[in-house]
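Q: My questions will all concern the structure given below.
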Amino acid sequence: MSDGAVFLNQNFLWPAVLIGLLLFVVFVWKEWSQRREQRFWIKLVAAFLAIISLVMIVLKPSNRQESSSGKGIVLTHGYRPAQLDSLTAIYKRIPTEEYTKGRTLSILEDTDSLFLLGHGLVPFDLWQIQDKSVAFLGGENVEGWTAISPNKSEAILGESLEINAKYSNPEAGHWAVLTDNGGNPLDSVPFEEIGEQVVTFRTTPIASGEFVYHLLVKNEKGLLSDEPLPIKVVEGEPLKVLMVNTFPTFETKYLKNFLTDRGHEVLARTQLTKDKYKFEYFNGSSDPIYGFTSENLKEYDLLIIDTDSYTGLGRASKAAMEEIVESNGLGVFIQPDESLFRRGDSSYPFKFNRDFITEIMFGEPEQTLQKYPFAFQEEIRKQKVLADSVALAAYVPVQTGKVGTTLLQNTYQLILDGNEPLYAHIWTQILNSIAKERQSVAEWSSVTQYPRPDQPFEFELYTALNDLTLKTDEGTTITLLQDDLMAHKWTGTQYPRKTGWNQLQVSHDSIAPFSYFVYGQNQLQSIADSRTLKANYRTFGKTNSFAASVSATKKELKPISPWWFYIVLLLCLGWFWLEPKLVN
């Protein structure tokens, strides 16, 4: 398609036309004597065509034609060759470049719209094409692990560790195995023939330190894949727990034993008569508590109190408890009974609806847990305590503290049935969610979830300290940037060189070192591809077309081939040579 002809040598137009006319006039004058003969007119047409051809050769006529100029193709990991073949068949001579992570694309200088094929550019390279119009066509489906997320940033020694993962396009007959750093199997899950399968592994760490667990995929023939899973296991800080009961119950007995076996400091007070109490001290606790005061409650992290004791608190004791919850972060867990769910006064932080369901299924393999036939009313402030997507309990934040309870009952039956790990998993999840949160001088956070060698690893440090000097375990100093709006927030970027565990150390002794794991270039590749694909879809969408402002095909001037004019000129000159011989 064209929009009419123009001349590339437009400046020579009038000189060429005048010289052409002069040549034509001279030719007519020279041949004028033959004007009565038929050959005169034939020679006149030949001369006209020859002169026109000479003029066209000088002026170089051109027309505007559709062109792929301005467009380009960027190939990234996972592109489909069939897509590339289709594009190159439509757009002849379209420039193509294969993307290399971390390098600037040279194709950008001559293009303003790009076809992006494959899984896309990694997030830290997307800036390169932000000012371009991009048609992101995607690539091959990602197969393998697409997400792996432990339920805790740090595993607690002796407590249950849960690891959730997604696997894309699993095959029946294959299975996933979680192994420790020594290669010992800890848990396994068989795969099913579905598009994407969510699997959950559970284990209990038996030693503290920095370890590299492994996720293996196997079949009958052997090992198919091996991905590292860095786990940092720390020794949990013991809680200081106060248990208050109107009368002893099996639930309280086994919960008390569970806490003391975990090394927590426990003071248990059980009411015998109206003014007489029985006190039990475990792991260091020794001072009896009769009535609650701000002074005797402020040292505790968690108060476990049954419903009768909670509702029977005097005005002074309740005021002291509420003050410590609000100002000191005390966590209060109310052990439920039937009377709790029937209370309708506004002094209680929860409201319930009867749902007539007395059992829930939990765990793997599934285990039946007894519950009260009630459900929490939906409230904005209420926070559920979840495990395996099952709501085990709920709490309400009260300034710096929390008040919570559960719908479960008779959980001690799990111990009697020999399922102590599940009992420990349930109560660890509930009580850790409600207990007072530990305050630290500094908190670290990884922005880059999967660090790689020689690629930017971004992190954040939250601390009120100033004049910070940060160094790597190799002694390299890293510059920290302080946030303009949040003075206690610092950000930094490091380019790690070695794989495995790395460490960042602040000059202040009060701030513990920060350990992070650097993956090899080929490790967790399917997760990297999945995250890259999602990041590019978020940035460019799924329209598979350019923005309207540049969607029209560009047109450029292309000269008409001069060979056509040379052929006409050669034929005319050939006639002038041949014509006299034919006459003679």
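The values are calculated or read from the model by the stated rules, or taken from the named source; none is laboratory data. All figures in this text were calculated on a predicted structure; none of them were measured in a lab. Every residue, glycine among them, receives a Cβ derived from its backbone with ideal geometry; neighbour counts consider all protein chains shown. We work out accessible area using only protein heavy atoms, side chains counted, and drop any ligands, DNA or RNA first. Shrake-Rupley method; radii C 1.70, N 1.55, O 1.52, S 1.80 Å.
Q: Give me the pairs: first residue in segment 70-95 and of a type in the set (S, T, N, Q), second residue not in a loop (DSSP other than H, G, I, E, B), beta-carbon distance under 6 Å, and six or more apart or on different chains, which are they?
A: If the second residue must be not in a loop (DSSP other than H, G, I, E, B), the pairs left are GLN83/LEU117; GLN83/LEU137.
Q: As an exercise: evaluate THR204 against (1) out of contact with any strand residue (DSSP E or B) (no Cβ under 9 Å at 6 or more places or on another chain); (2) farther than 22 Å from GLY404 by Cα; (3) not hydrophobic (A, V, I, L, M, F, W, C) and give the number of the one condition it does not meet.
A: Result: THR204 passes all but (1).
Q: If you take just the strands (runs of 3 or more DSSP E) that sit entirely in segment 448-512, which of them hold at least 2 residues that are of a type in the set (A, V, I, L, M)?
A: Ranges flagged: 500-506.
Q: Any idea how many residues of segment 178-198 are within 20 Å of GLU154 (Cα to Cα) and either open to solvent by less than 70 Å² (accessible area, probe 1.4 Å) or assigned to a strand (DSSP E or B) (or both)? Before the answer, list the steps.
A: Filtering segment 178-198 down to residues within 20 Å of GLU154 (Cα to Cα) leaves 178-182, 186-187.
If we keep only those that are either open to solvent by less than 70 Å² (accessible area, probe 1.4 Å) or assigned to a strand (DSSP E or B) (or both) as well, we get 178-180, 182, 186-187.
The total comes to 6.
Q: Quick one: which helices (runs of 4 or more DSSP H) lie wholly within segment 278-374 and hold at least 1 residues that are free of Cβ contacts under 8 Å to residues at least 12 places away in the same chain?
A: 294-297, 315-328, 338-342
Q: Tell me which residues, restricted to segment 280-295, are open to solvent by less than 40 Å² (accessible area, probe 1.4 Å) and not small (Gly, Ala, Ser). Outline the logic, then answer.
A: Taking segment 280-295 as the starting set, the residues that turn out to be open to solvent by less than 40 Å² (accessible area, probe 1.4 Å) are 285, 289, 291-292, 294.
Selection gives ILE289, PHE292.
Q: Can you tell me which residue is nearest to ILE206 (Cα to Cα) among those in segment 228-249 that are in contact with a helix residue (DSSP H, G or I) (Cβ under 9 Å, 6 or more places away or on another chain) and outside any loop (DSSP other than H, G, I, E, B)?
A: The qualifying residue nearest to ILE206 (Cα to Cα) is VAL241.
Q: I would also like to ask the following. Out of the residues in segment 501-523 that are of a type in the set (Phe, Trp, Tyr) and over 14 Å from THR469 (Cα atoms), state the one that is most open to solvent (accessible area, probe 1.4 Å). Please lay out each step first, then the result.
A: Kept after step one, since they are of a type in the set (Phe, Trp, Tyr), are these residues of segment 501-523: 501, 514, 516-517, 519.
With the extra rule that they be over 14 Å from THR469 (Cα atoms), the set shrinks to 501, 516-517, 519.
Working: TRP501: 61, TYR516: 11, PHE517: 26, TYR519: 17 Å².
Going through the qualifying residues, I end up with TRP501.
Q: Tally time: how many residues in segment 126-164 are under 22 Å from the mean Cα position of the chain (by Cα), outside any strand (DSSP E or B) and surrounded by 19 or more Cβ atoms within 10 Å (Cβ to Cβ)?
A: Total meeting the criteria: 3.
Q: Going residue by residue through segment 388-397, is there one that turns out to be more than 26 Å from LEU186 (Cα to Cα) and out of contact with any strand residue (DSSP E or B) (no Cβ under 6 Å at 6 or more places or on another chain)?
A: yes
Q: I've got another one for you. Does at least one position in segment 313-326 carry a residue that is at pLDDT 90 or above, over 22 Å from PHE350 (Cβ atoms) and in contact with a helix residue (DSSP H, G or I) (Cβ under 6 Å, 6 or more places away or on another chain)?
A: Taking every residue of segment 313-326 in turn, none turns out to be at pLDDT 90 or above, over 22 Å from PHE350 (Cβ atoms) and in contact with a helix residue (DSSP H, G or I) (Cβ under 6 Å, 6 or more places away or on another chain).
Q: OK, next. For segment 250-277, which positions are touching a residue at least 60 places away in the same chain (Cβ under 8 Å) and farther than 30 Å from PRO150 by Cβ?
A: If the condition is that a residue be touching a residue at least 60 places away in the same chain (Cβ under 8 Å) and farther than 30 Å from PRO150 by Cβ, then PHE250, THR252, LYS253 are the ones that fit.
Q: Return a yes/no flag: does segment 474-483 have any residue that is among the hydroxyl-bearing types (Ser, Thr, Tyr) and either within 22 Å of the chain's Cα centre (by Cα) or surrounded by 14 or more Cβ atoms within 10 Å (Cβ to Cβ) (or both). Steps first, please.
A: Step one: filter segment 474-483 for residues among the hydroxyl-bearing types (Ser, Thr, Tyr), giving 476-477, 479.
Retained after the next criterion (residues that are either within 22 Å of the chain's Cα centre (by Cα) or surrounded by 14 or more Cβ atoms within 10 Å (Cβ to Cβ) (or both)): none.
Within segment 474-483, not a single residue is among the hydroxyl-bearing types (Ser, Thr, Tyr) and either within 22 Å of the chain's Cα centre (by Cα) or surrounded by 14 or more Cβ atoms within 10 Å (Cβ to Cβ) (or both).
Q: Now a separate question. Go over the candidates LYS92, LYS101, LYS60, LYS71 one by one and state the one that is under 30 Å from THR532 (Cα atoms), basic (Lys, Arg) and touching a Pro at 6+ places or on another chain (Cβ under 9 Å).
A: Values: LYS92 fails: touching a Pro at 6+ places or on another chain (Cβ under 9 Å); LYS101 fails: touching a Pro at 6+ places or on another chain (Cβ under 9 Å); LYS60 fails: under 30 Å from THR532 (Cα atoms).
From the options LYS92, LYS101, LYS60, LYS71, the qualifying one is LYS71.
Q: For LEU114, only one of the following conditions fails: (1) part of a helix (DSSP H, G or I); (2) in contact (Cβ under 8 Å) with a residue 24 or more places away in the chain. What is its number?
A: (1)
Q: Go through (1) of a type in the set (Phe, Trp, Tyr); (2) touching an Asp or Glu at 6+ places or on another chain (Cβ under 6 Å); (3) assigned to a helix (DSSP H, G or I) for PHE201 and report which single condition fails.
A: Just one mismatch for PHE201, condition (3).
Q: Considering only segment 27-44, I want to know if a residue exists there that is within 25 Å of ASP529 (Cα to Cα) and not in a strand (DSSP E or B). Can you show your working first?
A: Of the residues in segment 27-44, the ones within 25 Å of ASP529 (Cα to Cα) are none.
Looking through segment 27-44, none of the residues is within 25 Å of ASP529 (Cα to Cα) and not in a strand (DSSP E or B).
Q: Need the failing condition index for ASP417 against (1) out of contact with any helix residue (DSSP H, G or I) (no Cβ under 7 Å at 6 or more places or on another chain); (2) under 22 Å from THR249 (Cα atoms); (3) touching a residue at least 40 places away in the same chain (Cβ under 8 Å), just the number.
A: For ASP417, the exception is condition (3).
Q: Looking at the structure I just gave you, is VAL385 surrounded by fewer than 17 Cβ atoms within 10 Å (Cβ to Cβ), free of Cβ contacts under 8 Å to residues at least 60 places away in the same chain and either farther than 25 Å from PHE247 by Cα or under 38 Å from the mean Cα position of the chain (by Cα) (or both)? Don't jump to the end; show me each part of the working.
A: Numbers: surrounded by fewer than 17 Cβ atoms within 10 Å (Cβ to Cβ): no; free of Cβ contacts under 8 Å to residues at least 60 places away in the same chain: yes; either farther than 25 Å from PHE247 by Cα or under 38 Å from the mean Cα position of the chain (by Cα) (or both): yes.
Criteria not met by VAL385.
Q: Considering only segment 388-407, state which residues are surrounded by 21 or more Cβ atoms within 10 Å (Cβ to Cβ) and over 23 Å from GLU326 (Cα atoms). Explain how you work it out, then say what you get.
A: Of the residues in segment 388-407, the ones surrounded by 21 or more Cβ atoms within 10 Å (Cβ to Cβ) are 392-395, 401-407.
Correct list: LEU392, LEU407.
Q: Only one of (1) over 30 Å from MET321 (Cβ atoms); (2) out of contact with any Asp or Glu (no Cβ under 6 Å at 6 or more places or on another chain) is not met by THR252, so which one is it?
A: (1)
Q: Across segment 424-451, what is the number of residues that are touching a Lys or Arg at 6+ places or on another chain (Cβ under 9 Å) and open to solvent by less than 60 Å² (accessible area, probe 1.4 Å)?
A: The total comes to 8.
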